[in-house]
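The values are calculated or read from the model by the stated rules, or taken from the named source; none is laboratory data. Please read all numbers here as calculations on a predicted model, not as lab measurements. Note that each Cβ is placed from the backbone with ideal geometry, even for glycine, and that neighbours are counted across all protein chains shown. SASA here: full protein model, heavy atoms, side chains in, ligands and nucleic acids out. Shrake-Rupley method; radii C 1.70, N 1.55, O 1.52, S 1.80 Å.
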Amino acid sequence: MTGPPENGPLHGLRVLDVSTILAGPLACQILGDYGADVIKIEHPRTGDSMRGHGGQKDGVPIWWKEISRNKRTVALNLSDPDGAAALTKLAARADVLVENFRPGTLERWGLGPETLHAVNPGLVLVRLTGFGQTGPYSSRAGFGTLAEAMSGFAALTGAADGPPTLPSFGLADSICGLAASSAALMALRHRDRTGRGQVVDLSILAPIMTAVGPGPTVYQQTGEIEQRHGNRSTNNAPRNTYRTADGSWVAISTSAQSIAERVLRLVGHPEVIEEPWFATGRGRAAHVDELDAYVGDWIGARTRDDVLAAFTGAGAAIAPVYTAKDLVEDVHVRETQMLTEVDDDELGRVLQHNVLWRMSETPGRIRFPGRALGADTDEVLTEAGLSADEIQALRDREVIR
């Protein structure tokens, strides 16, 4: 996407990313993609642990290039009083600060909400933790894996006769990051009306609990506890992954009644459409073995391309099961620029996920990939009002890098 950064809807906002790993950095990446000036604060010695996550090429972290794109980076030790004072000066000119330390950490460093709001009453402080700022679990270490386990996700994922299954990627953190970007904008909307900032308390657990669905409500009302059932659904059928004759896999969904009817006509069993149980998703789910056999046998006798063409021609819902290679090569992904290449000083042309949504008047933009630790420290601290001598003194004491 092209156009100057000032076209972004968040141009003029300054965000301090004082978070690590994934949820907070993703929230700030989204805000930066849409024009916010994001300043990434990292420890001078260790940096954000995200630098060590994911694949590398020639020692250069690839994921870092995306999760920290559009962010200026400052290496600053917040546990040092002078480092905390420097952050206070940055916060005085910021709109949003995102952090994910254990509850009480900012307060111990003299950077709690009362201190920050004293210098900037309009600051929005987004606090991301595993379990929230209060409650019996608030002091526990919190990671996405724990939220994926406690939310009900793992209990519902996997084969019926297999163990609970965790995702192989940062699912809970990513959902939390998306939620945090929305929460920050809601708080900014309130600030625009009142002039007052506020604290946003968001756990990693809550958003994925919402995504898992109404299991707690169903249990409270009926006493039922949903069990694992592999790729099948208790809400409709047929819904599964099916292997084709050439060894590929496809996934189909029949959430809509009309789609279910089209699928059964296509696979040569229109007679079941007249059955009373076929009229609802729950009724079809009760006959899942029968329906899966019809669909699976038909798909298993044909190649993936033939199956996709037939389902598409019939107006039925189907998709191939993709790897990263398949995504890169897919014509729709390419033509709609869901993935896009950006220039990087270390890696050359780098393929990344594009900005999440398209806006006709104020498009987002990838201005630059993630940078080296502390690359913008002097520039940012100078903007905050520190003199060259003050910056050098901090560097001499290794408070900055």
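Which residue pairs have Cβ atoms under 6 Å apart, sit 6 or more places apart or on different chains, and have a first residue in region 313-340 that is surrounded by 12 or more Cβ atoms within 10 Å (Cβ to Cβ) and a second that is part of a helix (DSSP H, G or I) and basic (Lys, Arg)?
Ala314/Arg262; Ala316/Arg262
Tell me, which residue of region 137-153 that is within 18 Å of the chain's Cα centre (by Cα) and among the small types (Gly, Ala, Ser) is surrounded by the fewest Cβ atoms within 10 Å (Cβ to Cβ)? First the steps, then the outcome.
The first filter runs over region 137-153 and keeps only residues within 18 Å of the chain's Cα centre (by Cα), leaving 142-149, 151, 153.
Retained after the next criterion (residues that are among the small types (Gly, Ala, Ser)): 142, 144, 147, 149, 151.
Numbers: Gly142: 23, Gly144: 24, Ala147: 26, Ala149: 16, Ser151: 23.
It comes out as Ala149.
What is the residue count in region 85-100 for residues that are under 29 Å from the mean Cα position of the chain (by Cα) and surrounded by fewer than 19 Cβ atoms within 10 Å (Cβ to Cβ)?
Total satisfying the criteria: 3.
Of the residues Val355, Val295, Val328, Val342, which is touching a strand residue (DSSP E or B) at 6+ places or on another chain (Cβ under 6 Å) and either among the basic types (Lys, Arg) or on the phi < 0 side of the Ramachandran plot (or both)?
Answer to the selection: Val342.
Could you tell me whether region 70-80 includes any residue that is within 18 Å of Gly177 (Cβ to Cβ), crowded, with 16+ Cβ neighbours inside 10 Å and not charged (D, E, K, R)?
Yes: region 70-80 contains one or more residues that are within 18 Å of Gly177 (Cβ to Cβ), crowded, with 16+ Cβ neighbours inside 10 Å and not charged (D, E, K, R).
Criterion first (in contact with a Pro (Cβ under 6 Å, 6 or more places away or on another chain) and in contact (Cβ under 8 Å) with a residue 12 or more places away in the chain) does Leu125 satisfy it?
For Leu125, the condition - in contact with a Pro (Cβ under 6 Å, 6 or more places away or on another chain) and in contact (Cβ under 8 Å) with a residue 12 or more places away in the chain - is met.
Take the residues in region 379-392 that are open to solvent by less than 70 Å² (accessible area, probe 1.4 Å) and in contact (Cβ under 8 Å) with a residue 12 or more places away in the chain, then tell me which one is nearest to the chain's Cα centre (by Cα).
Val380
Tell me, which residue of region 216-258 that is assigned to a loop (DSSP other than H, G, I, E, B) and among the charged types (D, E, K, R) is surrounded by the most Cβ atoms within 10 Å (Cβ to Cβ)?
We begin by selecting, within region 216-258, every residue assigned to a loop (DSSP other than H, G, I, E, B); these are 223-239, 244-248, 253-256.
After this cut, where a residue has to be among the charged types (D, E, K, R) as well, the list is 224, 226, 228, 232, 239, 246.
Details: Glu224: 10, Glu226: 15, Arg228: 17, Arg232: 20, Arg239: 24, Asp246: 11.
Step by step, filter region 216-258, then rank; the result is Arg239.
Taking the residues in region 101-130 that are over 27 Å from the mean Cα position of the chain (by Cα) and open to solvent by 50 Å² or more (accessible area, probe 1.4 Å) as candidates, determine which candidate is farthest from Val38 (Cα to Cα).
If we take residues in region 101-130 being over 27 Å from the mean Cα position of the chain (by Cα) and open to solvent by 50 Å² or more (accessible area, probe 1.4 Å), then Arg108 is farthest from Val38 (Cα to Cα).
Looking only at helices (runs of 4 or more DSSP H) that fall completely inside region 1-101, which ones have 2 or more residues that are under 19 Å from Thr340 (Cα atoms)?
Details: elements: 23-33, 62-67, 81-91.
In region 1-101, 23-33, 62-67 are the helices (runs of 4 or more DSSP H) which contain 2 or more residues that are under 19 Å from Thr340 (Cα atoms).
Please go through region 185-203 and give me each residue that is basic (Lys, Arg) and out of contact with any strand residue (DSSP E or B) (no Cβ under 8 Å at 6 or more places or on another chain), ordered by number.
Listed by number, the residues that qualify are Arg189, Arg193, Arg196.
Go through the residues of region 276-292 one by one and say whether even a single one is open to solvent by 50 Å² or more (accessible area, probe 1.4 Å) and touching a Ser or Thr at 6+ places or on another chain (Cβ under 6 Å).
Among the residues of region 276-292, not one is open to solvent by 50 Å² or more (accessible area, probe 1.4 Å) and touching a Ser or Thr at 6+ places or on another chain (Cβ under 6 Å), which makes the answer no.
Would you confirm whether or not region 164-182 contains a residue that is more than 26 Å from Thr323 (Cα to Cα), open to solvent by 40 Å² or more (accessible area, probe 1.4 Å), assigned to a helix (DSSP H, G or I) and without any contact (Cβ under 8 Å) to a residue 60 or more places away in the chain?
Scanning region 164-182 turns up at least one residue that is more than 26 Å from Thr323 (Cα to Cα), open to solvent by 40 Å² or more (accessible area, probe 1.4 Å), assigned to a helix (DSSP H, G or I) and without any contact (Cβ under 8 Å) to a residue 60 or more places away in the chain.
Out of the residues in region 154-163 meeting the condition of being open to solvent by 70 Å² or more (accessible area, probe 1.4 Å) and without any contact (Cβ under 8 Å) to a residue 60 or more places away in the chain, tell me which one is nearest to Gly24 (Cα to Cα).
Taking region 154-163 first, the residues open to solvent by 70 Å² or more (accessible area, probe 1.4 Å) are 160-161, 163.
Next cut, without any contact (Cβ under 8 Å) to a residue 60 or more places away in the chain only: 161, 163.
Working: Asp161: 36, Pro163: 30 Å.
Checking each candidate, the answer is Pro163.
Among the listed residues Arg243, Arg228, identify the single one that is more than 26 Å from the chain's Cα centre (by Cα), among the basic types (Lys, Arg) and farther than 19 Å from Phe278 by Cβ. Steps first, please.
Values: Arg228 fails: more than 26 Å from the chain's Cα centre (by Cα).
Being more than 26 Å from the chain's Cα centre (by Cα), among the basic types (Lys, Arg) and farther than 19 Å from Phe278 by Cβ holds for just one of Arg243, Arg228, which is Arg243.
Against the conditions (1) in a loop (DSSP other than H, G, I, E, B); (2) in contact (Cβ under 8 Å) with a residue 12 or more places away in the chain; (3) of a type in the set (Gly, Ala, Ser), where does Ala310 fall short? Just the number, please.
(1)
Return a yes/no flag: does region 294-302 have any residue that is among the acidic types (Asp, Glu), open to solvent by 40 Å² or more (accessible area, probe 1.4 Å) and either over 15 Å from Thr234 (Cα atoms) or not in a helix (DSSP H, G or I) (or both). Please lay out each step first, then the result.
Of all residues in region 294-302, those among the acidic types (Asp, Glu) come to 297.
Still in the list and also open to solvent by 40 Å² or more (accessible area, probe 1.4 Å): 297.
From the residues that got through so far, the ones that are either over 15 Å from Thr234 (Cα atoms) or not in a helix (DSSP H, G or I) (or both) too are 297.
Looking through region 294-302, at least one residue is among the acidic types (Asp, Glu), open to solvent by 40 Å² or more (accessible area, probe 1.4 Å) and either over 15 Å from Thr234 (Cα atoms) or not in a helix (DSSP H, G or I) (or both).
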